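First comes the structure, then the notes that go with it.
The values are calculated or read from the model by the stated rules, or taken from the named source; none is laboratory data. All values reported here derive from a predicted model rather than from experimental measurement. Every residue, glycine among them, receives a Cβ derived from its backbone with ideal geometry; neighbour counts consider all protein chains shown. Protein only, heavy atoms only, side chains kept; ligands, DNA and RNA dropped before computing areas. Shrake-Rupley method; radii C 1.70, N 1.55, O 1.52, S 1.80 Å.
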Amino acid sequence: MTIRVMTADDHPIVRMGLKAIVANEPDMSVVAEASDGKDAVALYEEHAPDVVLMDLRMPKLDGIAAIRSIVEAHPGARVIALTSYEGDADVYRALDAGACGYLIKDMVSADVIGAIRTAVAGKRVIPPTVAATLAEFTPRIDLTPREVEVLRLAAKGLRNKDIARVIGRTEETVKVHLKHVMQKLDVEDRTEAVTVAMQRGIIHLDD
């Protein structure tokens with residue numbers, strides 16, 4: 001029985017590398033390659049692969065939304081997030097969307113093959129390094145969508161009054177949101193809050 005794999009990444013070199021890794025296995029083959037999230041959802045419907053290797057940062061539809069769309073339509077889908085994002089918030093977002101595993105792109109090819117086989121067996125794929133990241137930030141801290149929005153704008157250098165204008169709220173409301181963010185992240189000021197949020201994957205520089 002051949003394990004049918006689909007890759008989803010907007011970088012052709014990454015897709016070529018994954019295809020080469022999979023091609024070395026006699027019982028595996030890449031049946032589809034998606035270059036963006038919308039393509040990934042459509043190609044899943046067309047090919048019904050056994051396992052999907054999904055990047056999280058893609059155009060048109062990001063990996064999280066693509067994972068959620070696939071898993072909602074096909075609850076048995078086995079999707080592994082394969083990304084450069086290493087923060088605990090990134091991991092949780094992928095798992096909450098329905099991913100069965102999470103791999104960092106710089107892991108060796110043996111890890112990728114092992115993850116595919118583990119996923120096909122119906123098990124969750126959480127390598128020790130990823131598990132350690134989750135354990136480091138326990139208990140889990142969730143910011144509200146509005147708090148994340150305010151933090152993302154603060155990371156871009158906007159002052160409180162500018163953030164207030166963008167989100168359509170008062171400057172005092174922005175201050176309250178930032179206070180809650182600092183309490184949740186256990187930091188002393190907004191600069192530290194932005195730094196910790198980027199380290200944990202709550203926000204990204206390219207957001």
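Worth a mention:
- Of all residues in the stretch 63-90, exactly one satisfies the criterion of being at pLDDT below 95, more than 15 Å from A131 (Cβ to Cβ) and open to solvent by 60 Å² or more (accessible area, probe 1.4 Å), namely S84.
- The listed residue being surrounded by 15 or more Cβ atoms within 10 Å (Cβ to Cβ), in a loop (DSSP other than H, G, I, E, B) and not acidic (D, E), out of R93, R152, R169, R140: R169
- Top-ranked residue of the stretch 96-109 - restricted to ones that are surrounded by fewer than 18 Cβ atoms within 10 Å (Cβ to Cβ), out of contact with any Ser or Thr (no Cβ under 9 Å at 6 or more places or on another chain) and without any contact (Cβ under 8 Å) to a residue 60 or more places away in the chain, ranked as nearest to P139 (Cα to Cα): D96
- Selection count where residues are open to solvent by less than 60 Å² (accessible area, probe 1.4 Å) and either in contact with a helix residue (DSSP H, G or I) (Cβ under 6 Å, 6 or more places away or on another chain) or among the small types (G, A, S) (or both), scope the stretch 120-129: 2
- Test result for E147, surrounded by 12 or more Cβ atoms within 10 Å (Cβ to Cβ) and in contact (Cβ under 8 Å) with a residue 24 or more places away in the chain: yes
- Filter result (over 15 Å from V150 (Cβ atoms), in a helix (DSSP H, G or I) and open to solvent by less than 70 Å² (accessible area, probe 1.4 Å)) within the stretch 197-207: R200
- Contact map, the stretch 155-166: residues that are farther than 19 Å from H204 by Cα paired with residues that are outside any loop (DSSP other than H, G, I, E, B) and hydroxyl-bearing (S, T, Y), Cβ distance under 8 Å, separation 6+ or inter-chain. Pairs shown: A164/T173.
- Residue check, V194 assigned to a helix (DSSP H, G or I), at pLDDT 95 or above, under 29 Å from M107 (Cα atoms) and more than 18 Å from the chain's Cα centre (by Cα): yes
- With respect to (1) open to solvent by less than 10 Å² (accessible area, probe 1.4 Å); (2) in a strand (DSSP E or B), the lone exception for V31 is condition (1).
Condition check ((1) surrounded by fewer than 19 Cβ atoms within 10 Å (Cβ to Cβ); (2) over 30 Å from D142 (Cβ atoms); (3) more than 11 Å from the chain's Cα centre (by Cα)) across all residues:
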position	(1), (2), (3)
H11	yes, yes, yes
V41	no, no, yes
H47	yes, yes, yes
V52	no, no, yes
D55	no, no, no
M58	no, no, no
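- Residue within the stretch 117-131 that is touching a strand residue (DSSP E or B) at 6+ places or on another chain (Cβ under 7 Å) and among the basic types (K, R) present: yes
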